[in-house]
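K.L.:
Got a structure for you, questions after.
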């Protein structure tokens, strides 16, 4: 999400885009190098995330195994640069089973005239109804909410979303629609980067910032993807029943004073993982009813005085903190947990202003 450019250049992203499979990405030459990753991104998108092909002169027919064949009828061979393993976004997929909207290219005509995607027809008689509908090959999205809530189904397959665009959400993220699946061991993994995937979140990345540096020097503008919460009117994240979600390489900041990171859930959460992030707590960082919330290698801090800042867990919460720098210099309550389990390992706690730790039937480990 963003584009084939430096994050500092503010790549815009596109309203509709495809992407690629992990198998396609891993198969690209020298993909373990910065140059190889830049080349792969160039094959997928433009500097502002433009798809490599946007085709509206489409005709649809039945391929082998009842799959969908999409032909460019313009005579321009619009699928010239498409490759097996790239992902397309298809508008108006009402007749397709596999949707919604995002499909893997399984075959490409050597002349670029057609592609075959991993979708099958509900029935063949409806094909003409979507002729002329636009198809986007590759590209990068402009917003995380539409992508993750509408087009990422991580229940059966793990999805990875890479973001090099700073965000300023105006509405709540509903993680119940983003969710992976505990039983299938599938995840939705959302990671920030600056120029190429991994350069923020890996120790040898060009834009990796240590937790100590985040504390001493402040969070560097180029070294995390920033999520500015100042436009929110409520808590950022809701997610009754959400599970198996990982966020890496993000700076959550500027939350309104009366809001927290998480809305209290009616149901329960499970396996929510923040890795190498910076999180500015405003009112509170609530983990109610979460059966496994992990904060790893992150800086969790306050920038000003708020009355009730702290971790607040309730009703069978499991909170796991590992190798974090936790700075609650202004908090009146640092930790309040009831009926839960707290695991703390390798953390640095800077609690100059924190006065209360409250446990009620909670087991610290």
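K.L.:
P(r) tail for region 131-203, what percent of Cα pairs lie past 16 Å?
P.N.:
In whole percent, the share of Cα-Cα pairs in region 131-203 beyond 16 Å is 59.
K.L.:
Would you mind getting me the FRET efficiency between residue 210 and residue 182? Use the beta-carbon distance for r and R0 = 35 Å, nearest 0.05.
P.N.:
So, using R0 = 35 Å, E works out to roughly 0.65.
K.L.:
At a Förster radius of 45 Å, what calculated FRET efficiency corresponds to the Cβ-Cβ distance of residue 221 and residue 106, to the nearest 0.05?
P.N.:
0.65
K.L.:
Using 0.36 nm per residue of separation minus the Cα-Cα distance, give me the extension gain between residue 350 and residue 61 in nm, one decimal.
P.N.:
Answer, rounded to one decimal: 97.7 nm.
K.L.:
Between residue 158 and residue 27, what is the spin-label point distance in nm, taking each point 7 Å from the Cα along the Cα→C-beta axis?
P.N.:
If labels sit at residue 158 and residue 27, their model points lie 1.9 nm apart.
K.L.:
Something else: Relative to the present Cα-Cα distance, how much length would full extension add between residue 230 and residue 322 at 0.36 nm per residue of separation?
P.N.:
This chain segment gains 30.3 nm when fully extended.
K.L.:
Moving on to the next point. I need the P(r) histogram for region 7-137: all alpha carbon pairs, bin width 10 Å from 0 out to the longest distance, whole percents.
P.N.:
That works out to 13, 43, 31, 11, 2, in percent per bin.
K.L.:
Taking the radius of gyration and the Kirkwood hydrodynamic radius from Cα positions alone, what is the Rg/Rh ratio for region 159-200, to two decimal places?
P.N.:
We get a ratio of 1.04 for region 159-200.
K.L.:
Put one equal scatterer on each alpha carbon of region 35-86, apply the Debye formula with no solvent term, and list log10 I(q)/I(0) at q = 0.27, 0.31 1/Å to two decimals.
P.N.:
Reported log10 I(q)/I(0), two decimals: -1.10, -1.22.
Readers should treat all values here as calculations from the given coordinates under stated rules, not as data from a laboratory. All values derive from a computational prediction rather than experimental measurement. Cβ sites come from the backbone with ideal geometry, for glycine too, and all protein chains shown count toward neighbours.
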